1. Can you pull out the trypsin sites (Lys or Arg not before Pro) in the stretch 423-482 that DSSP calls coil and that have at most 13 other Cβ atoms within 10 Å?
2. Identify all lysines with a Cα-Cα distance to Lys146 below 26 Å; exclude those on the same chain that are fewer than 8 residues away in sequence.
3. List the trypsin sites (Lys or Arg not before Pro) in the stretch 282-324 that DSSP assigns to loop (not H, G, I, E or B) and whose Cβ has at most 15 other Cβ atoms within 10 Å. Which are they?
4. Going 7 Å from the Cα of Asp114 along its beta-carbon direction, which residues of the stretch 235-267 have the amide nitrogen within less than 15 Å of the resulting point?
5. Counting Lys and Arg as +1 and Asp and Glu as -1, what is the net charge of the other residues whose Cβ lies under 14 Å from the Cβ of Gly308?
6. Any idea which of Ser323, Ser365, Phe271 is furthest toward the positive side of the dipole for the stretch 140-378, if Lys and Arg beta-carbons carry +1 and Asp and Glu beta-carbons -1?
7. Give me the dipole magnitude in Debye, nearest 20, for the stretch 15-88 about the Cα centre, with unit charges on the beta carbon: positive for Lys and Arg, negative for Asp and Glu.
8. Quick one: Cα centre-to-centre distance for the stretch 268-336 and the stretch 125-200, in angstrom?
Amino acid sequence: MDFAINIDPHAPLPLHRQVYEELRQAILTGRLTSGQKLPSGRSLAQLLGVSRATITQGYELLLSEGYLETIVGSGTFVCRQLPDDLLNATPTPSKSSPANSPIPLSAYGESLNDNAFLRLPETKLEISFSYGRPAFDHFPIDLWRKLISRYCRSHPEVLDYTAYSTGYKALREAIASYISRSRAVNCSAEQIVIVGGSQQGIDLITRLLIDRGDWVAVEEPGYLGARRAFLAQGAKLFPVAVDQSGLIVDELKSSEIPNIKLLYITPSHQFPTGAVLSLPRRLELLAWAQKSGVMMIEDDYDSEFRYGERPIPALQGLDQGNSIIYVGTFSKVLFPALRLGYLVLPENLVHVFARAKWLADRQCSLLEQYALTDFITEGHLERHIRRMRSLYNQRRQILVKSLFEHFGDSVEIMGENAGMHLMVKINTRIPDDEIVKRAALANVGIGAAYPQYLKASPGSEFIFGYAELSEQQIQEGVRRLAKVIPIQNSK
Ligand SMILES: Cc1ncc(COP(=O)(O)O)c(C=O)c1O
């Protein structure tokens, strides 16, 4: 049994006291939990390079104070019923102890030292309209398992480091072919870097292109995951409003800010409003970017799911000026825990991104990259997307119908023609947090949109993810919401 405690043969405290103190601390701080087995005296003595008598003495002290118990024939254990007064007597470290002194963080670390940063996962509610989660039970898991085991068995190189931090070549080729065809992205496999989801892509872009104090323009409202990365790097954010036609490019053009370094945009399905950037705005935006020399991140996170409309080609495909880094992800079309996404870079940025990726984590998991390559080249990806598009379309229609049935003209629905979520404005006087709380009491999860705003939000806007929920769950969820959210009838 591996077991780590610190003892110092040169310290003035006798060794058996050190064993006693270390184990006692471990129990009081919860590192050792009640009922946990300890190594035998002989093996701990061997492990620590001390005599067996030292360990026995240390154990005996702990036994006499009720921290440990022995069970004949089984060994020594942390006492199953630790008296409360022992646990409450957690030693308070002295003022001068290292545990109390703040550890100086870098500017980056300081920017993350914010309690509001990570919102812990909500307790799983019976019906959760949380966004960005695909229909897990429709993922062809048996097929995926077959592809994974195909490479586990016969390709030992999938267990190794690879010379290519940019990703498995065949996967980059498969992605290049897929996005050229389906999204009109203009690229070759050499421009692609495989990353650990779009979040890592955005993080790498930020590190490589942004310095402290640089201005980054973001959509308002916009995606928190990107905004957090920019802020952590010390960027200043310039919010650009969004309407039904997407980002209002005039706001950029008339901005007082002299040198915007980067613009982050979700043109195909604006997050969270769902607006699609119109063609005139696309052309206007590209002309502005080219004139002002601003790089843009095009986050194309869920545009595979379009309902009833012609697919709008990616902005990157229209760009003549090498001013776009296109970010794609498999989190929505497959599953988020896969942590595979990709960047399409202007050619002259590929080398530096390859090095940054190597520094961040060397490479993405090869096994999954191999399996994903076959998943794409054998046609499973596009088949799965077609199936999910049809499934999500039905779920989306049920959600829209249920919302109108229960809330009538007191709801306004935005962005329902694409993606896996829609944004809903509810005409009510109840504050957003109170609505989220009331919904949770009815065992329904919904997310308020206000955290996605940099400036004050108009309020009463909610994001409804629907891809993961069955039709019955959607109907029942909306029915329960209608019971707990009083509406105002006049708009
Ligand atoms: C706008 C946007 N971009 C990207 C992502 C996906 O992130 P990742 O690829 O890191 O899972 C999400 C997830 O919800 C998102 O909402």
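1. Values: sites: Lys425, Arg429, Lys437, Arg438, Lys455, Arg479, Arg480; in loops: Arg429, Lys455.
Qualifying residues, ordered by number: Arg429, Lys455.
2. List returned: Lys169, Lys332.
3. Values: sites: Arg282, Lys291, Arg306; in loops: none.
For trypsin sites (Lys or Arg not before Pro) across the stretch 282-324 that sit outside H, G, I, E and B with at most 15 neighbouring Cβ atoms in 10 Å, the list is empty.
4. Residues 235-239 qualify, since their backbone N sits under 15 Å from the label point.
5. Values: positive: Arg306, Arg310, Arg389, Arg396; negative: Glu309, Glu416.
Net local charge, Gly308 excluded: +2.
6. Looking along the dipole axis, the top candidate is Ser365.
7. Numbers: 7 positive and 7 negative charges, 67 e Å.
The calculated dipole for the stretch 15-88 is roughly 320 debye.
8. When both Cα centres are located, 20 Å separates them.
Laboratory data are not the source of any read-out in this text; all were calculated from the coordinates shown. Computed from a predicted model, the values in this text were never measured in an experiment. As a convention, Cβ positions derive from the backbone with ideal geometry for all residues, glycine included, and neighbour counts pool all protein chains shown.
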